[in-house]
Structures are given as structure tokens and as C-alpha cells.
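*Asks:* Pasting a structure here, questions to come.
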Amino acid sequence: MGGLMSKVTWPEVFSALPDSGFFEVVRHYLGPVSTPFHKPDLVHKMEQFFAREDVSRRVHEYITPEDALFLTFIANHKRPTEDNLSRMIPEVRYVALREKLLNLEERLLIWSRSEGKTKYYVLTPLGESIDESGLLGPGAVIGDGKTAGETITKSWLDDNFLNAALAFLNERMPLFRKEGGWRKKTLELLKERFPVLFHDSRGEERLILAGRALIATGLAVRIEEHLEPRMEAWREIESEDSINRLAIIMARATAGRSLPLGVAIEATRLVTECLPDGRAYSRERLAGLFQLGTGGLSPLSPSGAMRMIAHLELLGELSADENGLLSCTAGNNKTLHNSEIPLLSITPVGDITLNPGMPLFCSLALSTDPVKVDVVTTFRLNKERFLNGLDTGIKPEDLFKDMEAHSGRPVPPNLRTLASEWENDYRTVSMKLGVLFQAEGVKKQIIEETGVLDAYSYSRPGDGIWLLDPGEESQWRAALNGIGIDRLPPLLTASGLKAQPNGEQKDTLPPFLSWNRDWQRSSLCSGSWENPKEHDVSELLNNLNKAAETVSLSPEEQEAFKERLDRRIIIVPEQIRKGSWRFEVMSAKGLDYRGKLRLIEAAISGRDERLAVTLAVGTSVETVLILPIKLEKDGNDHILVGLSLPEEEEIRYKIRKIGFLKRIKSSLF
């Protein structure tokens, strides 16, 4: 299921360990190391050990749901650093997160790889075997959820909405007041025209989200009080497959431009259409799933991921039940169409109905008057909007052919006749944009004798004057340069400003036009949605304890065995041998002030080590687990400063007040 990172080998894992750590690992799993030894042979023996069927089975049985959660994120993240993992699993406090990562490392399920100053985690071959077993996947992140209750939510951002949105934008109505906020009259019109948005008190939020989608996709740009349509972008997205088009719009509505488009599409799909049917989940769980879907290709904060889920709920892609849990909205296939109902129907009086499943139809949106957007979208053919369509370059015959293709019926003859009359009346007047070029003296004579401007000229309004086609500016400039007229004054607009030469416009391609269509779709959607269950390992642990009783272990070895068994790194009985584990002094008590001080200093300089501190509190004795931070001098005494666990609240204890102190390593290797 993973695959964002190249897989590592056991020699890579073990070669990165310092010799002391390497031999500690080998002693733990294979027993005491005899001399002489050959390091590659020891690595090979370790590979053989973990390849054993009984070892592999017990490693899998040891996997807890929390293990699976961490391993799933690591398997599907581009660069899973501690910081990235803490953002994606915010419910786990930092100290607990560090301890979990250290435990997964000592169980040889993950390995920390460094690039410069950055350290990130990858699965070891043993961790890969957990992934390949199907234990890792979306289910490890999202859990079992609950049975979804009844909901009435419907999604609304579909092609019919886009048709009506383009029609509205083409009206160029002012949306915003100069001092901020909506124009009241325009907002009232939008409420009337878009009841699909305003069916409850959150209509304005949906309206803002729709605008966000259009702007982020590049279909509209805000210019002062207006949202202006960008027709080249509308034509381009109209040519897209309907499924891709709606995926693009939905992803931009959800994430804006905060994520690369392909990443946003996959993450959005994962938390909507991929969700198991009939199951509902908390917003926090869905936010974690969205994080997983990004693959770490663009880091999100926990609040950012929650905001994405809120947008999907507002879009109607996720529905909340009576308990506030979210599920995928039923019937959200926006391309689904009942074949018995035509996509488009038109009456002789010019009323046009677009039914669910109707694709984006820009020519219709530009040429007809939008009436209402609801379950179906309605338009009306009238002269004013039809002439607006002609202004945008719509060809009536092409419009009617497309309407007939979607309706399966001919356009009523009276409408064709009426449209023909409107077009004929429109064509009686024409305008062209021209460049007024004027020359005098010798230059005028040369131009007239050579005729270099004749091919680019609309007409000759006067002596020494040519009206040139601005669309061919580069050609007529080159023609003039060819006869030695290579220095032309700047081209000025009517307001006296310098015009931008044709062909030098700034590249403002909409974001989706540069979308990498070779984006590798994530396998997460088809991955395991089953929440990993914790195995009952009581029998296995009992057998290992019995095996330990048959070995003459010293008290120190017995304590080391129990600690390692708790950390799930004792897998098979043959690991329980005398001499397999080395020991340090790990506790001090009573008047042993220097011993306690040395243990604290060692823990502070160690790798996320903890201290178990026992001291008198009133008439009772209390033991507190502490993450030590520093020692402060206080006269003849020292003060231990740290964080209590799991609360992570600051504590301060004088060393002389501590009755018993035990150093606990977070990682045994």
C-alpha cells in the first residue's frame, strides 16, 4: 500500500547503527556474540531470524491499533518526520509520540533515515511485511466508526450549478460593496436564483465557498466589486471529462490552492467517495484521513485539515447525523443520469430545463437567462441574453445542435425563427478594433509604393492613414521593418496609456491547465478499511514467562526480561538466555545523593529517557513518572525540573526529598 519512499534493506538498516547499538540488537535477538565474528554474517543471520514463520506470525500478533496507526502514516508519507507525524496525529502528545516511535524502532519495524539535518522514518523490511499483510490502511486511521444515522444533506456543486454560475458571472453584476460585504440587491437576487445554496441559515457560507472554488480554479477573478469570468478557462474546463472537471472544482473548493491539485483531488476523494457505505465518523478522524490522503506532499496543520472537512460538509459531500458524525452523502454521483429522462428539455416558449447529469454547457449559459438552481436548473431564452451570447462569439447553429444532442429532440421551429431574426438584426451593425497608423513624407511614399501594409489594412480612411488589424501586429511590424521603418512610436490606448503589444500578455493559465495528468493515483482508496483489532497475546506472554522460569536468570536479568517483554521485543523463547543483556545501575535510593544525581544527569543526556520518582506526599508515598528537562542548583541541593507524564505538566522536586529514583530508558538499544 505504501510506496512513496523506496524500500530499504536489512543491510541498510543495520549498517546505519553504531557498533555498540548493532551488537546490543544482535545479542538481544540472537544471543551472545562469539569472537571472531563477521558483521555481514550477523546481518544475514538477523535476516533469517525475521524471515522465520513463527517469528513473523508473533510480530504480527504484537501489532496494536496504535502501532498500525503510526505505521500507516509512515508507510504513506513522503517524509514522515516527528513534526509531520505530530501534525497528523495531534491526539497523541509529543512525549508519547516520541516514545511510540522509539519503541517501533527497537522492535525493528521502522528506521530513522537522515538527509542533512532532517531525520525521517521509513518502514524496515519487517515493517513492510506488516504493510503487505493488510493490517495498515485507512481503517487504521479512521477506526470502525458508527452506523450512520439519517441525513437530509444533498451536494450542490455540480455541472448544473456551474452552468448557472457562469450565466450569473456573465451578467457582470456588482457583488461587493466598496467598504466590504455583499450588495444587498445582488444578494437577494442570488437567494432567489440559487435556492440550492440558501435552504438554511448557512447560505452565505456556501456562496463564499462557491466563489472560492471559482477563483482558486481560475474560472473567475475578482476585479473591485465584480467577479469576472475567465472565458478561456471555462472553455478549457468544459473540454474536460465530467468526472475530472468536478474533481478539480471540488478539490479547489475544499483546499483552495493550499495543496497541489492532484494531491487535493486524492485526499478529497479519500474522505468522501471512498468511505465505507453506512458508516459515520468524527470530524477529527476524517481530518486525520485527509492528512493521510495528502501523503505529506504538502504539510497541513491539524486545524487546516479540520477546515477541509468543514468545507466538504458545507459542500454537501459529507452529511452529519443526529450525533454529529459524518458520512458520505448518499447519491453523490454527480454524473449519474436517469436514461429515461433527457438531460435537457426546451419548450416552444423558450423555457429550458437541465436535469441532473447534464454536463457543463458554456454556450447555453452565455446565451440564456438563468432562472433557478435547485434539483433541476432552469433557464429561459430571451433576446437580451441571446445577444449577449453573440457578443461572446457564440454561433447559434452550433448552440442549437448541441441542445438537440442533449435533448434528443429538435429545437422548436418558432425558437429557431426567432433566434434567426435576433441574429440578423444584430449583424446589421458591426465593429472591429483597429490600429490607426499614420505616415508622412518619405516614409509615406515608401509604404504606398511597396504596398507592404495592404494585406493587413481594413481600409484607408485618409491620405497617409491606414486602419490596421491589431491581431496581426507582429506581421505588419515585421513588414515595415523589412523596408527600413524599424523604429515605431509606442502604441497608445484611448486614454493615452501604452498598450501591451499583441502576443506579450502575461501567462495567467488557470491552475488546472498545468495539472500533472500523470499523477499516480493513491492505492489508499482500495486499501484496507478494517480497523486492526488487538490480538489476545496473553497465552503467548504466559508461555514466554514460563520459558523464562526454566532459565537461571539473575535478578537483574529477570528485570531486563520483564521490561523487554512489556515492550514486545521478546518474540520467541530462544531469546531468553543468560548473558544476552548488559546492565547499568538504574536506580538509587535514600541517602545515595550522588547516585541519584548521576542517574538524573544520565537520563537528561540520554535519548528521551524517563525517571520514576518516589517521594513522600503528606502521610503517603507517591510515585511519579517524569521526563527530565534540567537540573537547577539550590544551595547545597539540586532541583529536578521536568514534565509529569502523561499530563506533560511542569514539576520541580528537590533531590534530597526523593526517596527512590529509577531511570527508565525509552529505547533499550
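The values are calculated or read from the model by the stated rules, or taken from the named source; none is laboratory data. This is a predicted model, so every value here is computed, not measured. FYI the Cβ positions are ideal-geometry reconstructions off the backbone, even for glycines, and counts take in every protein chain you see.
*Asks:* So if I check each of Val92, Val33, Val25, Val55, which one is in the same structural domain as Gly116 (by TED's automatic domain parsing), in contact with a Phe, Trp or Tyr (Cβ under 8 Å, 6 or more places away or on another chain) and not in a helix (DSSP H, G or I)?
*Replies:* Val33
*Asks:* Next question. Does Leu190 meet the test of being free of Cβ contacts under 8 Å to residues at least 60 places away in the same chain, outside the structural domain of Asn388 (by TED's automatic domain parsing) and within 27 Å of Gly389 (Cβ to Cβ)?
*Replies:* In short, yes.
*Asks:* Filter segment 657-669 down to the residues that are touching a helix residue (DSSP H, G or I) at 6+ places or on another chain (Cβ under 7 Å) and at pLDDT 75 or above, then identify the one that is farthest from Ala612 (Cα to Cα).
*Replies:* Step by step, filter segment 657-669, then rank; the result is Ile658.
*Asks:* Return the pair list, or none, for Cβ contacts closer than 6 Å from residues in segment 205-227 that are more than 14 Å from Trp182 (Cβ to Cβ) to residues that are assigned to a helix (DSSP H, G or I) and basic (Lys, Arg), at least 6 apart or on different chains.
*Replies:* Pairs found: Ala213/Arg252; Ala216/Arg252; Thr217/Arg252.
*Asks:* Hey, could you check segment 469-489 for residues that are in a helix (DSSP H, G or I) and of a type in the set (Gly, Ala, Ser) and say which is farthest from Gly434 (Cα to Cα)?
*Replies:* At the first step, the residues of segment 469-489 found to be in a helix (DSSP H, G or I) are 470-482.
From what is left, the residues that are of a type in the set (Gly, Ala, Ser) are 471, 474, 478-479, 482.
Numbers: Gly471: 9, Ser474: 14, Ala478: 18, Ala479: 17, Gly482: 22 Å.
Only one residue tops the list, namely Gly482.
*Asks:* Here is a further query. Determine if segment 318-333 includes at least one residue that is in a helix (DSSP H, G or I), in contact with a strand residue (DSSP E or B) (Cβ under 8 Å, 6 or more places away or on another chain) and surrounded by fewer than 24 Cβ atoms within 10 Å (Cβ to Cβ).
*Replies:* Within segment 318-333, the subset in a helix (DSSP H, G or I) is none.
Scanning segment 318-333, I find no residue that is in a helix (DSSP H, G or I), in contact with a strand residue (DSSP E or B) (Cβ under 8 Å, 6 or more places away or on another chain) and surrounded by fewer than 24 Cβ atoms within 10 Å (Cβ to Cβ), so the answer is no.
*Asks:* Can you tell me how many residues in segment 18-51 are without any contact (Cβ under 8 Å) to a residue 12 or more places away in the chain, surrounded by 13 or more Cβ atoms within 10 Å (Cβ to Cβ) and under 30 Å from Glu534 (Cβ atoms)?
*Replies:* Of the residues in that region, 1 qualify.
*Asks:* Specify the residue that is modelled with the lowest pLDDT; the eligible residues are those in segment 255-287 that are among the hydroxyl-bearing types (Ser, Thr, Tyr) and under 15 Å from the mean Cα position of the chain (by Cα).
*Replies:* First, pick out the residues of segment 255-287 that are among the hydroxyl-bearing types (Ser, Thr, Tyr): 258, 268, 272, 281-282.
Going one step further and asking which of them are under 15 Å from the mean Cα position of the chain (by Cα), we end up with 258, 268, 272.
On the way: Ser258: 89, Thr268: 94, Thr272: 93.
Filtering segment 255-287 for residues that are among the hydroxyl-bearing types (Ser, Thr, Tyr) and under 15 Å from the mean Cα position of the chain (by Cα), the one modelled with the lowest pLDDT comes out as Ser258.
*Asks:* Can you work out which of the residues in segment 218-254 that are under 25 Å from the mean Cα position of the chain (by Cα) and not in a helix (DSSP H, G or I) is nearest to Leu270 (Cα to Cα)? Give the derivation first.
*Replies:* First, pick out the residues of segment 218-254 that are under 25 Å from the mean Cα position of the chain (by Cα): 218-221, 233-234, 236-238, 240-254.
Next, from what is left, pick out any that are not in a helix (DSSP H, G or I): 218-221, 240-241.
Values: Gly218: 24, Leu219: 25, Ala220: 27, Val221: 29, Glu240: 22, Asp241: 20 Å.
It comes out as Asp241.
The rows are residues; the columns are (1) more than 16 Å from Lys654 (Cβ to Cβ); (2) among the polar types (S, T, N, Q); (3) surrounded by 14 or more Cβ atoms within 10 Å (Cβ to Cβ); (4) at pLDDT 90 or above.
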{"position": "Arg568", "(1), (2), (3), (4)": "yes, no, yes, yes"}
{"position": "Pro573", "(1), (2), (3), (4)": "yes, no, yes, yes"}
{"position": "Gly579", "(1), (2), (3), (4)": "yes, no, no, no"}
{"position": "Ser587", "(1), (2), (3), (4)": "yes, yes, yes, no"}
{"position": "Ile604", "(1), (2), (3), (4)": "yes, no, yes, no"}
{"position": "Gly618", "(1), (2), (3), (4)": "yes, no, no, no"}
{"position": "Val624", "(1), (2), (3), (4)": "no, no, yes, no"}
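*Asks:* So which of Ser155, Ser201 is among the small types (Gly, Ala, Ser), more than 19 Å from Met250 (Cα to Cα) and in a loop (DSSP other than H, G, I, E, B)?
*Replies:* Values: Ser155 fails: more than 19 Å from Met250 (Cα to Cα).
Testing whether each residue is among the small types (Gly, Ala, Ser), more than 19 Å from Met250 (Cα to Cα) and in a loop (DSSP other than H, G, I, E, B) leaves just Ser201.
*Asks:* Pull up segment 27-49, narrow it to residues that are modelled with pLDDT of 90 or more and hydrophobic (A, V, I, L, M, F, W, C), then point me to the one that is farthest from the chain's Cα centre (by Cα).
*Replies:* By that ranking, first place goes to Leu42.
*Asks:* Give me the pairs: first residue in segment 471-487 and in contact (Cβ under 8 Å) with a residue 40 or more places away in the chain, second residue outside any loop (DSSP other than H, G, I, E, B), beta-carbon distance under 8 Å, and six or more apart or on different chains, which are they?
*Replies:* Short answer, once both residue conditions are applied: Ile485/Lys443; Ile485/Ile446; Ile485/Ile447.
*Asks:* What's the number of the condition Ser339 fails, among (1) within 25 Å of Leu354 (Cα to Cα); (2) modelled with pLDDT of 85 or more; (3) not hydrophobic (A, V, I, L, M, F, W, C)?
*Replies:* Tallying (1) within 25 Å of Leu354 (Cα to Cα); (2) modelled with pLDDT of 85 or more; (3) not hydrophobic (A, V, I, L, M, F, W, C), Ser339 fails exactly one: (2).
Condition check ((1) under 25 Å from Leu286 (Cβ atoms); (2) of a type outside the set (Ser, Thr, Tyr); (3) surrounded by fewer than 20 Cβ atoms within 10 Å (Cβ to Cβ)) across all residues:
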site: Leu109; (1), (2), (3): no, yes, no
site: Glu115; (1), (2), (3): no, yes, yes
site: Leu135; (1), (2), (3): yes, yes, no
site: Thr151; (1), (2), (3): yes, no, yes
